[in-house]
Amino acid sequence: MPVLVMKFGGTSVANLDRIKRAAKRVGVEVAKGYDVIVIVSAMSGKTNELVGWVNETSPLYDAREYDAIVSSGENVTAGLMALTLQEMDVPARSWQGWQVPVMTTSAHSAARIEEIPSDNINAKFAEGMRVAVVAGFQGVSPEGRITTLGRGGSDTTAVAFAAAFNAERCDIYTDVDGVYTTDPRITDKARKLDKIAFEEMLELASLGAKVLQTRSVELAMRYKVKLRVLSSFEEQSDTAGTMVCAEEEIMESNVVSGIAYSRDEAKMTLVSVADRPGIAAAIFGPLSDAGVNVDMIIQNIAEDGRTDMTFSCPTDQVKRAEKAMQDAKTSGEINFHDLIADTNVAKISAVGIGMRSQSGVAAKMFKTLSDEGINIKVIATSEIKISVLVDRKYMELAVQALHDAFELEKPA
Ligand code: ADP
Ligand code: ASP
Ligand code: MG
(Lines give C-alpha, C1' and ligand atoms only; values in the text may rest on other atoms or scores of the structure.)
(Ligands and ions follow the chains in the order given, each with its own letter.)
Protein backbone atom coordinates (compact mmCIF):
# COMPACT_ATOMS: atom_id res chain seq x y z
CA MET A 1 0.00 0.00 0.00
CA PRO A 2 1.20 3.55 -0.63
CA VAL A 3 2.73 5.28 2.37
CA LEU A 4 1.87 8.78 3.55
CA VAL A 5 3.78 10.70 6.21
CA MET A 6 1.72 13.09 8.37
CA LYS A 7 3.49 15.28 10.92
CA PHE A 8 1.64 17.12 13.68
CA GLY A 9 3.41 19.99 15.43
CA GLY A 10 3.08 21.05 19.06
CA THR A 11 -0.10 23.12 18.81
CA SER A 12 -1.76 20.36 16.78
CA VAL A 13 -1.29 17.90 19.68
CA ALA A 14 -1.51 20.45 22.51
CA ASN A 15 -4.21 18.54 24.42
CA LEU A 16 -6.32 15.38 24.19
CA ASP A 17 -9.01 17.04 22.04
CA ARG A 18 -6.45 18.21 19.51
CA ILE A 19 -4.87 14.76 19.44
CA LYS A 20 -8.33 13.37 18.69
CA ARG A 21 -8.81 15.86 15.90
CA ALA A 22 -5.41 14.97 14.43
CA ALA A 23 -6.18 11.24 14.75
CA LYS A 24 -9.41 11.76 12.77
CA ARG A 25 -7.38 13.28 9.94
CA VAL A 26 -5.11 10.27 10.02
CA GLY A 27 -8.21 8.06 9.91
CA VAL A 28 -9.36 9.80 6.70
CA GLU A 29 -6.06 8.95 4.97
CA VAL A 30 -6.13 5.37 6.26
CA ALA A 31 -9.64 5.02 4.82
CA LYS A 32 -8.27 6.16 1.44
CA GLY A 33 -5.91 3.18 1.54
CA TYR A 34 -2.67 4.67 2.81
CA ASP A 35 -0.39 3.10 5.36
CA VAL A 36 0.43 6.13 7.44
CA ILE A 37 3.52 7.12 9.37
CA VAL A 38 2.53 9.80 11.86
CA ILE A 39 5.30 11.93 13.33
CA VAL A 40 4.37 13.83 16.46
CA SER A 41 5.93 16.74 18.31
CA ALA A 42 5.64 17.26 22.05
CA MET A 43 2.57 19.15 23.29
CA SER A 44 3.17 22.86 22.70
CA GLY A 45 5.22 24.46 25.46
CA LYS A 46 6.47 21.12 26.73
CA THR A 47 9.92 21.19 25.12
CA ASN A 48 10.46 24.76 26.34
CA GLU A 49 9.59 23.68 29.84
CA LEU A 50 12.04 20.76 29.67
CA VAL A 51 14.80 22.99 28.28
CA GLY A 52 14.12 25.43 31.13
CA TRP A 53 14.53 22.65 33.69
CA VAL A 54 17.84 21.63 32.14
CA ASN A 55 19.20 25.18 32.19
CA GLU A 56 18.08 25.72 35.76
CA THR A 57 19.78 22.52 36.87
CA SER A 58 23.01 22.91 34.92
CA PRO A 59 23.76 26.02 32.78
CA LEU A 60 26.67 24.35 30.94
CA TYR A 61 24.85 21.05 30.81
CA ASP A 62 26.05 17.67 29.56
CA ALA A 63 24.36 17.56 26.15
CA ARG A 64 23.70 13.81 26.43
CA GLU A 65 21.50 14.40 29.45
CA TYR A 66 19.89 17.43 27.78
CA ASP A 67 18.80 15.10 24.98
CA ALA A 68 17.58 12.41 27.38
CA ILE A 69 15.37 15.03 29.03
CA VAL A 70 14.09 17.19 26.18
CA SER A 71 13.26 14.23 23.93
CA SER A 72 10.73 12.95 26.45
CA GLY A 73 7.85 15.25 25.44
CA GLU A 74 7.47 13.40 22.15
CA ASN A 75 7.24 10.02 23.89
CA VAL A 76 4.03 11.11 25.59
CA THR A 77 2.28 12.38 22.46
CA ALA A 78 3.35 9.33 20.43
CA GLY A 79 1.78 6.99 22.96
CA LEU A 80 -1.37 9.10 23.27
CA MET A 81 -1.78 9.31 19.50
CA ALA A 82 -1.45 5.51 19.17
CA LEU A 83 -4.02 4.98 21.93
CA THR A 84 -6.43 7.48 20.34
CA LEU A 85 -6.16 5.68 16.99
CA GLN A 86 -6.72 2.31 18.67
CA GLU A 87 -9.88 3.75 20.27
CA MET A 88 -11.02 4.55 16.71
CA ASP A 89 -10.32 0.91 15.73
CA VAL A 90 -7.35 1.90 13.59
CA PRO A 91 -4.51 -0.61 14.14
CA ALA A 92 -1.66 1.56 15.39
CA ARG A 93 1.37 1.48 17.68
CA SER A 94 3.94 3.98 18.84
CA TRP A 95 7.70 3.93 18.24
CA GLN A 96 10.35 5.91 20.03
CA GLY A 97 13.33 6.92 17.94
CA TRP A 98 15.66 4.21 19.28
CA GLN A 99 13.07 1.51 18.60
CA VAL A 100 12.88 2.15 14.85
CA PRO A 101 15.88 2.83 15.12
CA VAL A 102 16.44 6.38 13.86
CA MET A 103 20.25 6.24 13.65
CA THR A 104 21.90 9.63 14.09
CA THR A 105 25.32 11.17 14.58
CA SER A 106 26.54 11.77 18.14
CA ALA A 107 26.21 15.57 17.85
CA HIS A 108 23.92 15.89 20.84
CA SER A 109 21.15 18.51 20.62
CA ALA A 110 21.94 18.96 16.92
CA ALA A 111 22.24 15.40 15.64
CA ARG A 112 21.81 14.46 12.00
CA ILE A 113 19.87 11.44 10.85
CA GLU A 114 22.18 8.94 9.17
CA GLU A 115 19.86 6.06 8.50
CA ILE A 116 16.31 4.87 9.10
CA PRO A 117 15.98 1.12 8.48
CA SER A 118 12.45 0.42 7.28
CA ASP A 119 12.27 -3.32 8.12
CA ASN A 120 10.73 -3.10 11.61
CA ILE A 121 7.90 -0.81 10.65
CA ASN A 122 7.32 -2.48 7.28
CA ALA A 123 7.05 -5.85 9.01
CA LYS A 124 4.26 -4.41 11.16
CA PHE A 125 2.51 -2.89 8.14
CA ALA A 126 2.65 -6.35 6.54
CA GLU A 127 0.94 -7.79 9.62
CA GLY A 128 -1.95 -5.34 9.25
CA MET A 129 -0.85 -2.37 11.34
CA ARG A 130 -2.08 0.75 9.49
CA VAL A 131 -0.41 3.56 11.40
CA ALA A 132 3.09 3.79 12.86
CA VAL A 133 3.20 6.70 15.27
CA VAL A 134 6.79 7.84 15.65
CA ALA A 135 8.10 10.26 18.26
CA GLY A 136 9.65 13.12 16.28
CA PHE A 137 12.82 15.05 17.10
CA GLN A 138 14.75 12.10 18.52
CA GLY A 139 17.12 9.34 17.53
CA VAL A 140 19.92 7.20 18.85
CA SER A 141 23.68 7.70 18.48
CA PRO A 142 26.22 5.00 17.54
CA GLU A 143 27.08 4.96 21.27
CA GLY A 144 23.49 4.02 22.07
CA ARG A 145 22.60 7.35 23.65
CA ILE A 146 19.37 9.26 22.92
CA THR A 147 19.93 12.24 20.61
CA THR A 148 17.77 15.15 19.45
CA LEU A 149 17.78 16.90 16.10
CA GLY A 150 17.69 20.56 17.18
CA ARG A 151 14.61 22.68 17.89
CA GLY A 152 11.85 22.12 15.39
CA GLY A 153 13.44 18.76 14.55
CA SER A 154 10.20 16.82 14.14
CA ASP A 155 9.90 18.33 10.67
CA THR A 156 13.19 16.67 9.81
CA THR A 157 12.07 13.37 11.29
CA ALA A 158 9.00 13.56 9.04
CA VAL A 159 10.91 14.26 5.82
CA ALA A 160 13.53 11.63 6.63
CA PHE A 161 10.78 9.02 7.09
CA ALA A 162 9.13 10.11 3.85
CA ALA A 163 12.46 9.55 2.06
CA ALA A 164 13.21 6.26 3.79
CA PHE A 165 9.75 4.81 3.09
CA ASN A 166 9.37 6.33 -0.36
CA ALA A 167 6.21 8.05 0.79
CA GLU A 168 3.83 9.55 -1.71
CA ARG A 169 3.94 12.85 0.20
CA CYS A 170 5.01 14.39 3.49
CA ASP A 171 2.28 16.57 5.01
CA ILE A 172 3.36 18.96 7.76
CA TYR A 173 0.28 19.89 9.79
CA THR A 174 0.74 23.06 11.82
CA ASP A 175 -1.08 26.10 13.23
CA VAL A 176 -0.97 28.18 10.03
CA ASP A 177 -2.44 27.12 6.69
CA GLY A 178 0.80 27.28 4.74
CA VAL A 179 4.00 29.18 4.12
CA TYR A 180 3.46 32.95 3.96
CA THR A 181 5.46 35.86 2.55
CA THR A 182 6.36 36.52 6.17
CA ASP A 183 5.21 35.32 9.59
CA PRO A 184 1.45 36.03 9.55
CA ARG A 185 1.72 36.86 13.25
CA ILE A 186 3.81 39.94 12.44
CA THR A 187 1.63 41.47 9.74
CA ASP A 188 -1.87 40.64 8.51
CA LYS A 189 -0.70 41.67 5.04
CA ALA A 190 1.31 38.43 4.86
CA ARG A 191 0.13 36.40 1.87
CA LYS A 192 -0.07 32.63 1.68
CA LEU A 193 2.00 31.10 -1.10
CA ASP A 194 0.60 28.15 -3.06
CA LYS A 195 4.12 27.08 -3.95
CA ILE A 196 7.59 27.98 -2.79
CA ALA A 197 10.93 26.85 -4.23
CA PHE A 198 13.15 24.61 -2.09
CA GLU A 199 16.01 27.14 -2.27
CA GLU A 200 13.82 29.96 -0.98
CA MET A 201 12.27 27.86 1.75
CA LEU A 202 15.74 26.74 2.76
CA GLU A 203 16.91 30.34 3.17
CA LEU A 204 13.73 31.46 4.93
CA ALA A 205 13.98 28.55 7.35
CA SER A 206 17.65 29.05 8.09
CA LEU A 207 17.03 32.77 8.63
CA GLY A 208 14.38 32.17 11.26
CA ALA A 209 11.03 31.28 9.64
CA LYS A 210 10.39 28.38 11.96
CA VAL A 211 7.47 26.95 10.00
CA LEU A 212 9.91 24.28 8.75
CA GLN A 213 13.23 23.23 10.23
CA THR A 214 16.07 24.02 7.80
CA ARG A 215 17.39 20.49 7.72
CA SER A 216 13.95 19.15 6.73
CA VAL A 217 13.97 21.34 3.63
CA GLU A 218 17.51 20.23 2.78
CA LEU A 219 16.48 16.58 2.99
CA ALA A 220 13.30 17.12 0.97
CA MET A 221 15.35 18.82 -1.73
CA ARG A 222 17.98 16.07 -1.80
CA TYR A 223 15.54 13.15 -1.81
CA LYS A 224 12.83 14.82 -3.90
CA VAL A 225 10.20 14.45 -1.20
CA LYS A 226 6.85 16.03 -1.99
CA LEU A 227 6.55 18.38 0.95
CA ARG A 228 3.38 20.20 1.92
CA VAL A 229 2.64 22.58 4.81
CA LEU A 230 -0.99 22.87 5.89
CA SER A 231 -3.25 23.65 8.83
CA SER A 232 -4.47 21.01 11.23
CA PHE A 233 -7.41 23.29 12.11
CA GLU A 234 -8.97 23.79 8.71
CA GLU A 235 -10.92 21.47 6.43
CA GLN A 236 -8.86 18.72 4.85
CA SER A 237 -8.45 18.89 1.06
CA ASP A 238 -5.96 17.68 -1.53
CA THR A 239 -5.00 21.19 -2.60
CA ALA A 240 -4.76 22.91 0.78
CA GLY A 241 -1.57 24.49 2.06
CA THR A 242 1.72 25.28 0.40
CA MET A 243 3.77 22.87 -1.71
CA VAL A 244 7.53 23.20 -1.39
CA CYS A 245 8.80 22.33 -4.85
CA ALA A 246 11.52 22.69 -7.47
CA GLU A 247 12.16 26.16 -8.84
CA GLU A 248 11.08 25.06 -12.34
CA GLU A 249 7.56 24.35 -11.12
CA ILE A 250 6.99 27.99 -10.24
CA MET A 251 5.91 30.17 -13.13
CA GLU A 252 5.86 33.63 -11.61
CA SER A 253 7.63 34.96 -8.59
CA ASN A 254 8.50 38.29 -7.03
CA VAL A 255 12.14 39.38 -6.83
CA VAL A 256 11.82 39.12 -3.07
CA SER A 257 9.54 36.26 -2.09
CA GLY A 258 9.67 36.49 1.68
CA ILE A 259 10.91 38.29 4.77
CA ALA A 260 12.26 36.29 7.70
CA TYR A 261 13.31 37.39 11.15
CA SER A 262 15.09 35.83 14.06
CA ARG A 263 15.08 37.20 17.57
CA ASP A 264 17.46 34.49 18.74
CA GLU A 265 20.58 36.32 17.61
CA ALA A 266 23.22 37.90 19.79
CA LYS A 267 25.96 40.26 18.69
CA MET A 268 29.31 39.65 20.36
CA THR A 269 32.24 42.03 20.12
CA LEU A 270 35.80 41.24 21.11
CA VAL A 271 37.27 44.63 21.87
CA SER A 272 40.88 45.26 20.91
CA VAL A 273 42.37 42.01 19.68
CA ALA A 274 45.80 41.91 18.05
CA ASP A 275 45.48 42.36 14.28
CA ARG A 276 47.88 39.66 13.11
CA PRO A 277 47.79 36.75 10.66
CA GLY A 278 45.98 33.81 12.22
CA ILE A 279 43.86 35.87 14.61
CA ALA A 280 40.57 34.88 12.98
CA ALA A 281 41.51 31.21 13.20
CA ALA A 282 42.53 31.68 16.85
CA ILE A 283 39.09 33.12 17.64
CA PHE A 284 36.75 31.07 15.49
CA GLY A 285 38.55 27.76 15.99
CA PRO A 286 37.79 27.61 19.73
CA LEU A 287 34.25 28.91 19.12
CA SER A 288 33.61 26.12 16.66
CA ASP A 289 35.16 23.54 19.02
CA ALA A 290 32.77 24.78 21.73
CA GLY A 291 29.81 24.18 19.42
CA VAL A 292 29.04 27.85 18.80
CA ASN A 293 27.34 28.47 15.47
CA VAL A 294 28.79 31.74 14.27
CA ASP A 295 26.71 33.44 11.61
CA MET A 296 27.78 36.97 10.64
CA ILE A 297 31.33 38.25 11.13
CA ILE A 298 32.85 41.70 10.81
CA GLN A 299 36.39 42.75 11.51
CA ASN A 300 36.70 46.46 12.04
CA ILE A 301 39.49 48.70 10.76
CA ALA A 302 42.69 48.19 12.72
CA GLU A 303 44.37 50.97 14.64
CA ASP A 304 47.79 50.64 16.26
CA GLY A 305 47.84 46.96 15.35
CA ARG A 306 44.64 46.20 17.27
CA THR A 307 41.12 45.68 16.00
CA ASP A 308 37.57 44.84 17.14
CA MET A 309 36.03 41.60 15.95
CA THR A 310 32.24 41.33 15.91
CA PHE A 311 30.26 38.18 15.27
CA SER A 312 26.71 36.95 15.77
CA CYS A 313 25.54 33.65 17.22
CA PRO A 314 22.31 32.22 18.67
CA THR A 315 21.44 33.83 22.04
CA ASP A 316 21.44 30.50 23.83
CA GLN A 317 25.10 30.01 22.85
CA VAL A 318 26.33 33.27 24.36
CA LYS A 319 27.49 31.59 27.58
CA ARG A 320 29.40 28.96 25.63
CA ALA A 321 30.97 31.62 23.41
CA GLU A 322 32.03 33.67 26.44
CA LYS A 323 33.59 30.65 28.09
CA ALA A 324 35.43 29.63 24.92
CA MET A 325 36.86 33.15 24.56
CA GLN A 326 37.85 33.45 28.21
CA ASP A 327 39.54 30.01 28.04
CA ALA A 328 41.42 31.04 24.88
CA LYS A 329 42.52 34.21 26.65
CA THR A 330 43.69 32.30 29.73
CA SER A 331 45.68 29.87 27.60
CA GLY A 332 47.28 32.80 25.75
CA GLU A 333 45.88 31.91 22.30
CA ILE A 334 44.20 35.30 22.01
CA ASN A 335 44.23 38.55 23.90
CA PHE A 336 41.39 41.08 24.11
CA HIS A 337 40.38 43.91 26.39
CA ASP A 338 36.70 43.18 26.67
CA LEU A 339 33.96 40.94 25.37
CA ILE A 340 30.60 42.64 24.93
CA ALA A 341 27.47 40.57 24.34
CA ASP A 342 24.47 42.44 22.93
CA THR A 343 21.42 40.20 23.15
CA ASN A 344 18.98 42.97 22.23
CA VAL A 345 19.27 42.51 18.50
CA ALA A 346 17.25 40.76 15.81
CA LYS A 347 18.12 39.60 12.33
CA ILE A 348 15.85 40.60 9.45
CA SER A 349 16.31 39.01 6.03
CA ALA A 350 14.86 39.42 2.56
CA VAL A 351 14.90 36.26 0.44
CA GLY A 352 14.19 35.60 -3.22
CA ILE A 353 15.65 33.67 -6.13
CA GLY A 354 14.85 36.72 -8.28
CA MET A 355 17.76 38.51 -6.59
CA ARG A 356 20.15 36.46 -8.69
CA SER A 357 19.18 38.42 -11.77
CA GLN A 358 17.91 41.71 -10.36
CA SER A 359 20.00 44.33 -8.61
CA GLY A 360 18.85 47.08 -6.29
CA VAL A 361 17.31 44.90 -3.60
CA ALA A 362 19.96 45.78 -1.01
CA ALA A 363 19.69 49.50 -1.75
CA LYS A 364 15.90 49.37 -1.39
CA MET A 365 16.17 47.42 1.84
CA PHE A 366 18.64 49.87 3.40
CA LYS A 367 16.62 52.89 2.26
CA THR A 368 13.40 51.44 3.68
CA LEU A 369 15.01 50.82 7.06
CA SER A 370 16.63 54.24 7.11
CA ASP A 371 13.28 55.92 6.31
CA GLU A 372 11.93 54.23 9.45
CA GLY A 373 14.89 55.49 11.47
CA ILE A 374 16.21 51.96 12.01
CA ASN A 375 19.97 51.69 12.38
CA ILE A 376 21.70 48.70 10.75
CA LYS A 377 24.40 47.09 12.92
CA VAL A 378 25.67 44.26 10.73
CA ILE A 379 24.98 43.26 7.11
CA ALA A 380 25.42 39.91 5.38
CA THR A 381 24.48 38.91 1.85
CA SER A 382 24.46 35.83 -0.33
CA GLU A 383 23.15 35.04 -3.78
CA ILE A 384 19.49 35.02 -2.81
CA LYS A 385 19.32 36.81 0.55
CA ILE A 386 20.25 39.97 2.39
CA SER A 387 20.32 39.99 6.19
CA VAL A 388 20.73 42.83 8.64
CA LEU A 389 21.08 42.96 12.40
CA VAL A 390 19.00 45.70 14.06
CA ASP A 391 17.87 46.62 17.57
CA ARG A 392 15.29 44.08 18.65
CA LYS A 393 12.72 46.75 19.48
CA TYR A 394 12.49 47.55 15.75
CA MET A 395 12.02 43.94 14.64
CA GLU A 396 8.28 44.03 13.87
CA LEU A 397 8.49 47.49 12.34
CA ALA A 398 11.35 46.41 10.08
CA VAL A 399 9.48 43.31 8.88
CA GLN A 400 6.30 45.28 8.17
CA ALA A 401 8.14 48.10 6.40
CA LEU A 402 10.07 45.69 4.17
CA HIS A 403 6.95 43.64 3.43
CA ASP A 404 5.30 46.87 2.25
CA ALA A 405 8.33 48.14 0.36
CA PHE A 406 8.67 44.93 -1.67
CA GLU A 407 4.87 44.78 -2.18
CA LEU A 408 4.67 41.22 -1.00
CA GLU A 409 0.93 41.41 -0.34
CA LYS A 410 0.48 41.41 -4.13
CA PRO A 411 0.95 38.20 -6.12
CA ALA A 412 3.65 38.32 -8.83
P1 ADP B 1 4.73 23.45 14.87
O2 ADP B 1 4.60 23.44 16.35
O3 ADP B 1 3.52 22.96 14.16
O4 ADP B 1 5.98 22.79 14.39
P5 ADP B 1 5.97 26.03 14.58
O6 ADP B 1 5.61 27.00 15.65
O7 ADP B 1 7.28 25.36 14.66
O8 ADP B 1 4.79 24.98 14.45
O9 ADP B 1 5.88 26.74 13.15
C10 ADP B 1 4.70 27.41 12.76
C11 ADP B 1 4.85 28.90 13.02
O12 ADP B 1 5.83 29.44 12.13
C13 ADP B 1 3.63 29.73 12.71
O14 ADP B 1 2.75 29.76 13.80
C15 ADP B 1 4.21 31.10 12.36
O16 ADP B 1 4.08 32.00 13.45
C17 ADP B 1 5.67 30.83 12.13
N18 ADP B 1 6.16 31.36 10.86
C19 ADP B 1 7.28 32.10 10.72
N20 ADP B 1 7.46 32.47 9.45
C21 ADP B 1 6.44 31.96 8.74
C22 ADP B 1 6.07 31.99 7.37
N23 ADP B 1 6.81 32.63 6.45
N24 ADP B 1 4.95 31.35 6.98
C25 ADP B 1 4.20 30.70 7.88
N26 ADP B 1 4.49 30.63 9.21
C27 ADP B 1 5.59 31.24 9.64
N1 ASP C 1 9.35 19.48 20.33
C2 ASP C 1 10.54 19.90 19.64
C3 ASP C 1 10.68 21.40 19.72
O4 ASP C 1 9.83 22.07 20.29
C5 ASP C 1 10.59 19.41 18.24
C6 ASP C 1 9.49 19.92 17.33
O7 ASP C 1 8.46 20.35 17.82
O8 ASP C 1 9.66 19.85 16.12
O9 ASP C 1 11.64 21.93 19.25
MG1 MG D 1 8.01 23.43 14.30
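Restricting to the range 232-259, count the residues that are closer than 29 Å to A22 by Cβ, among the aliphatic types (A, V, I, L, M) and at pLDDT 95 or above.
So the count comes out to 2.
Go through the range 151-170 residue by residue and tally those that are more than 10 Å from ligand 3 (Cβ to nearest atom) and either touching a Pro at 6+ places or on another chain (Cβ under 6 Å) or more than 15 Å from V229 (Cα to Cα) (or both).
Number satisfying all stated conditions: 8.
Tell me whether the range 12-35 contains one or more residues that are within 16 Å of ligand 2 (Cβ to nearest atom), not small (G, A, S) and not in a helix (DSSP H, G or I).
The answer is yes, given that some residue of the range 12-35 is within 16 Å of ligand 2 (Cβ to nearest atom), not small (G, A, S) and not in a helix (DSSP H, G or I).
Right, V134: away from ligand 1 (no atom under 16 Å from the Cβ) and aliphatic (A, V, I, L, M) or not? Lay out the reasoning, then the answer.
Details: away from ligand 1 (no atom under 16 Å from the Cβ): no; aliphatic (A, V, I, L, M): yes.
Taking the combined requirement at face value, the residue does not satisfy it.
Looking at the range 384-398, is at least one residue without any contact (Cβ under 8 Å) to a residue 40 or more places away in the chain, part of a strand (DSSP E or B) and closer than 28 Å to K210 by Cβ?
Looking through the range 384-398, at least one residue is without any contact (Cβ under 8 Å) to a residue 40 or more places away in the chain, part of a strand (DSSP E or B) and closer than 28 Å to K210 by Cβ.
Search the range 5-25 for residues that are of a type in the set (S, T, N, Q) and pair each with any residue that is part of a loop (DSSP other than H, G, I, E, B) and within 14 Å of ligand 2 (Cβ to nearest atom) when their beta-carbon atoms are under 8 Å apart and the residues are at least 6 apart or on different chains.
Hits for this filter: T11/S44; T11/D175; T11/S232; S12/S41; S12/D175; S12/S232; N15/M43.
Can you say whether A266 is part of a strand (DSSP E or B), surrounded by 17 or more Cβ atoms within 10 Å (Cβ to Cβ) and either small (G, A, S) or over 28 Å from the mean Cα position of the chain (by Cα) (or both), as far as the supplied structure shows?
Judged against the criteria, A266 is a match.
Out of all the residues in the range 343-384, which are under 14 Å from E200 (Cβ atoms) and of a type in the set (D, E)?
E383
Yes or no, residue by residue, for (1) at pLDDT 95 or above; (2) small (G, A, S); (3) not in a loop (DSSP other than H, G, I, E, B):
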position	(1), (2), (3)
P277	no, no, no
G285	yes, yes, yes
S288	yes, yes, yes
N293	no, no, no
I298	no, no, yes
T307	no, no, yes
Q317	no, no, yes
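So, G45, is that one near ligand 2 (Cβ under 10 Å from one of its atoms), surrounded by fewer than 19 Cβ atoms within 10 Å (Cβ to Cβ) and at positive phi or not?
It is true that G45 is near ligand 2 (Cβ under 10 Å from one of its atoms), surrounded by fewer than 19 Cβ atoms within 10 Å (Cβ to Cβ) and at positive phi.
Kindly indicate whether T148 is within 16 Å of ligand 3 (Cβ to nearest atom) and not hydrophobic (A, V, I, L, M, F, W, C). Spell out the reasoning first.
On the way: within 16 Å of ligand 3 (Cβ to nearest atom): yes; not hydrophobic (A, V, I, L, M, F, W, C): yes.
Here the answer is yes, as T148 does meet what is asked.
Yes/no matrix, rows are residues, columns are (1) within 23 Å of A346 (Cα to Cα); (2) away from ligand 3 (no atom under 16 Å from the Cβ); (3) of a type in the set (S, T, N, Q):
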{"position": "L204", "(1), (2), (3)": "yes, no, no"}
{"position": "A209", "(1), (2), (3)": "yes, no, no"}
{"position": "T214", "(1), (2), (3)": "yes, no, yes"}
{"position": "E218", "(1), (2), (3)": "no, no, no"}
{"position": "Y223", "(1), (2), (3)": "no, yes, no"}
{"position": "R228", "(1), (2), (3)": "no, no, no"}
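Which residue, of V225, V229, is at pLDDT 95 or above, within 14 Å of ligand 1 (Cβ to nearest atom) and touching a strand residue (DSSP E or B) at 6+ places or on another chain (Cβ under 7 Å)?
Details: V225 fails: within 14 Å of ligand 1 (Cβ to nearest atom).
Result: V229 is the single residue among V225, V229 that is at pLDDT 95 or above, within 14 Å of ligand 1 (Cβ to nearest atom) and touching a strand residue (DSSP E or B) at 6+ places or on another chain (Cβ under 7 Å).
Kindly indicate whether G241 is within 21 Å of G153 (Cβ to Cβ), small (G, A, S) and within 10 Å of ligand 1 (Cβ to nearest atom). Give the derivation first.
On the way: within 21 Å of G153 (Cβ to Cβ): yes; small (G, A, S): yes; within 10 Å of ligand 1 (Cβ to nearest atom): no.
Against the criterion (within 21 Å of G153 (Cβ to Cβ), small (G, A, S) and within 10 Å of ligand 1 (Cβ to nearest atom)), G241 does not qualify.
Inspect the range 71-90 for any residue being in contact (Cβ under 8 Å) with a residue 12 or more places away in the chain, buried (at least 16 other Cβ atoms within 10 Å of the Cβ) and more than 19 Å from S12 (Cα to Cα) and give the result as yes or no.
Yes, the conditions are met somewhere in the range 71-90.
Scanning for something crowded, with 18+ Cβ neighbours inside 10 Å and of a type in the set (A, V, I, L, M), does the range 178-189 turn up at least one residue?
Among the residues of the range 178-189, at least one is crowded, with 18+ Cβ neighbours inside 10 Å and of a type in the set (A, V, I, L, M), which makes the answer yes.
The values are calculated or read from the model by the stated rules, or taken from the named source; none is laboratory data. These numbers come from a predicted model, not from an experiment. Here Cβ is always computed from backbone atoms with ideal geometry, including for glycine, and neighbour counts include all displayed protein chains.
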